[in-house]
Amino acid sequence: MESTELQTKIEKLQNFIDESDHIVFFGGAGVSTESGIPDFRSTDGLYNQKWDYSPEQIISRSFFETKTAEFYRFYREKLIIKGIKPNAAHYKLAALEKAGKLSTIITQNIDGLHQAAGSKNVFELHGSTLRNHCVTCGAFYDIDFIADRKNDSDGIPRCIKCGGIIKPDIVLYEESLNETCIEGALKAIRQADMLIIGGTSLTVYPAAGLIDYYKGRRLVLINKTPTYGDASADLIIRGAIGEILSNIKIK
């Protein structure tokens, strides 16, 4: 994209934001790639890497229950990423929330970076690696506990209270999204006067289907590649979302 064309689109995005009071941001893996977290579906993403099983199989409830040690081998290597910091996109969204412009973030990511940047009202559709619970007694364990159990005899983290297996608080394939989270996200989308969709291919359902409930005035898509939502957008910007949002001024 030519710099003049990009600048024109960023200025239009700035105007949209200035004219809106209830902005909702809907984001995916592309929001965190600028922090060094790989996405799933790009050329170098997790779904294009070679394992004994496909990532779709490994990150499923049945696989977790039947091949728990193999699940955790993949999980620790590919999904537990420590020492990662929020990037420009996370910080700008947090600033927009603090300024009273952005009401809600709806994310498909499981890394907790929006909260680390200061965002308060975040719906994590697919859960978070930062939360883990014993499947037997419900005891809570943090990400460090899970990461540090890799040298146990079988690599499976077990509850120190009851001995039960610990499960990450992420939504696996074959599991349903949290109903309370979905209801909150839907309410926010219905009340929004502007929806910014960023860093997502809009191919993961049912999460991606939430945007169909948006009836507001402005729909903006910021993504490196086309999505099915492009046809309905008032503004499409191709590029890295952190680089785009870093140009936005808080007024």
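A few comments on the model shown:
- Condition check for LYS161: under 30 Å from THR200 (Cα atoms) and open to solvent by 40 Å² or more (accessible area, probe 1.4 Å): no
- Among the criteria (1) loosely packed, with under 14 Cβ neighbours inside 10 Å; (2) in a helix (DSSP H, G or I), the one ILE211 does not fulfil is (1).
This table checks each residue for (1) without any contact (Cβ under 8 Å) to a residue 40 or more places away in the chain; (2) of a type in the set (Asp, Glu); (3) more than 24 Å from ALA185 (Cα to Cα).
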residue	(1), (2), (3)
TYR53	yes, no, yes
LYS67	yes, no, yes
TYR72	no, no, yes
LYS82	no, no, yes
ALA99	no, no, no
GLN108	no, no, no
ALA117	yes, no, no
GLY127	no, no, no
HIS133	yes, no, no
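- The set of residues in the range 55-70 that are surrounded by 14 or more Cβ atoms within 10 Å (Cβ to Cβ) and either at pLDDT below 95 or among the hydroxyl-bearing types (Ser, Thr, Tyr) (or both) comprises PRO55, GLN57, ILE58, ILE59, SER60, THR68, GLU70.
- When the range 215-251 is filtered for residues that are hydroxyl-bearing (Ser, Thr, Tyr), without any contact (Cβ under 8 Å) to a residue 40 or more places away in the chain and either part of a helix (DSSP H, G or I) or open to solvent by less than 70 Å² (accessible area, probe 1.4 Å) (or both), the ones remaining, listed by number, are THR227, TYR228, SER232.
- Those residues of the range 175-207 which are in a helix (DSSP H, G or I), without any contact (Cβ under 8 Å) to a residue 12 or more places away in the chain and closer than 20 Å to SER60 by Cα, in sequence order: GLU179
- Positions within the range 130-144 being out of contact with any Gly (no Cβ under 7 Å at 6 or more places or on another chain) and within 15 Å of ILE170 (Cβ to Cβ), in sequence order: ARG131, ASN132, HIS133, PHE140, TYR141, ASP142, ILE143
Matching residues to (1) modelled with pLDDT of 95 or more; (2) buried (at least 20 other Cβ atoms within 10 Å of the Cβ):
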site	(1), (2)
ALA147	no, no
GLY184	yes, no
LEU195	yes, yes
ALA207	no, yes
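- Those residues of the range 15-33 which are out of contact with any strand residue (DSSP E or B) (no Cβ under 7 Å at 6 or more places or on another chain) and closer than 22 Å to ASN121 by Cα, in sequence order: ASP18, GLU19, ASP21, GLY28, ALA29, SER32, THR33
- Across the range 114-128, the number of residues qualifying as aliphatic (A, V, I, L, M), in contact with a strand residue (DSSP E or B) (Cβ under 9 Å, 6 or more places away or on another chain) and open to solvent by 10 Å² or more (accessible area, probe 1.4 Å) comes to 1.
The values are calculated or read from the model by the stated rules, or taken from the named source; none is laboratory data. On a predicted model such as this, the values are computed, not experimentally measured, just so you know. Cβ: placed from backbone, ideal geometry, glycine included. Neighbour counts: every protein chain shown. The area values use the complete protein model at the heavy-atom level, side chains included, leaving out ligands, DNA and RNA. Shrake-Rupley method; radii C 1.70, N 1.55, O 1.52, S 1.80 Å.
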